[in-house]
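First the structure, in the form of structure tokens, and then the observations on it.
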Amino acid sequence: ASHASVAVRRHQQTYLIDSTGYIDFPVLGPIKLSGLTRTDAIDFLKNKLSPEYIKNPTINIKIANFSVTVLGDVKKPGRFTIPNERISVIEAIGLAGDLNMSGIRNIEVKRESKNKITTFKLDLRSNKVFSSPAYYLQQNDFVYVEQNNAKVQSASSNTNTSLFISITSLLITVASFLIRL
């Protein structure tokens with residue numbers, strides 16, 4: 001399981017959560033933030049800082065390296081870093097150059113949470129996509145655009161057609177060689 005990198009800003013300074021889930025905050029030292037929700041982490045830091053170090057601190061926590069991966073039947077598959085932590089599955093596909101013409105509108109979103117991977121199936125042709133828990137993507141979500149059946153069949157028939165043409169060509173060559181003899 002990978003921990004999200006989170007930026008805690010103090011006078012525009014960023015503190016990243018290390019692989020063990022801690023940040024090294026000045027004066028306070030190491031503080032464990034992994035496993036906390038954003039709201040819980042903000043409350044926890046406020047309680048640590050106030051009132052002894054800062055009176056009524058304002059704390060903002062954001063994911064500094066929020067990214068999603070889009071693969072499958074899109075024009076530019078890859079991993080995309082999102083600056084504002086909010087992106088819909090449709091916007092992510094747009095970042096990947098949009099669907100290829102052969103892209104079926106069935107999308108899979110794979111999401112890891114608590115060492116478990118959940119798969120959401122979305123149909124972009126349906127209005128239900130907007131109410132799906134996977135419509136807005138989360139950190140490290142994996143989006144896969146399935147190919148349509150016509151493209152899959154076309155790809156398999158192209159290999160079969162090539163094999164058939166090769167065998168036919170070989171038989172014609174052998175037949176013409178035997179006729180010459």
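Figures for the structure shown
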{"read-out": "Within the stretch 14-94, chymotrypsin sites (Phe, Trp or Tyr not before Pro) in DSSP loop having at most 13 other beta-carbon neighbours inside 10 Å", "value": "Y53"}
{"read-out": "Radius ratio Rg over Rh of the stretch 19-60, counting only Cα atoms, Kirkwood formula for Rh", "value": "0.96"}
{"read-out": "Those trypsin sites (Lys or Arg not before Pro) in the stretch 11-95 that DSSP places in a loop and that have at most 16 other beta carbons within 10 Å", "value": "K55, K75, R86"}
{"read-out": "Subset of K76/K121; K32/K110; K32/K114; K48/K114; K75/K110; K76/K128 violating a 23 Å alpha-carbon distance limit", "value": "K32/K110; K48/K114; K76/K128"}
{"read-out": "Gain in span if fully extended, I172 to N106, counting 0.36 nm per residue against the direct Cα distance", "value": "19.3 nm"}
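Since every read-out is calculated from the coordinates, none of them should be taken as a lab result. Everything numeric here is computed off the predicted structure, so don't read it as measured data. Glycine also receives a Cβ, built like all others from the backbone with ideal geometry; neighbour counts cover every protein chain displayed.
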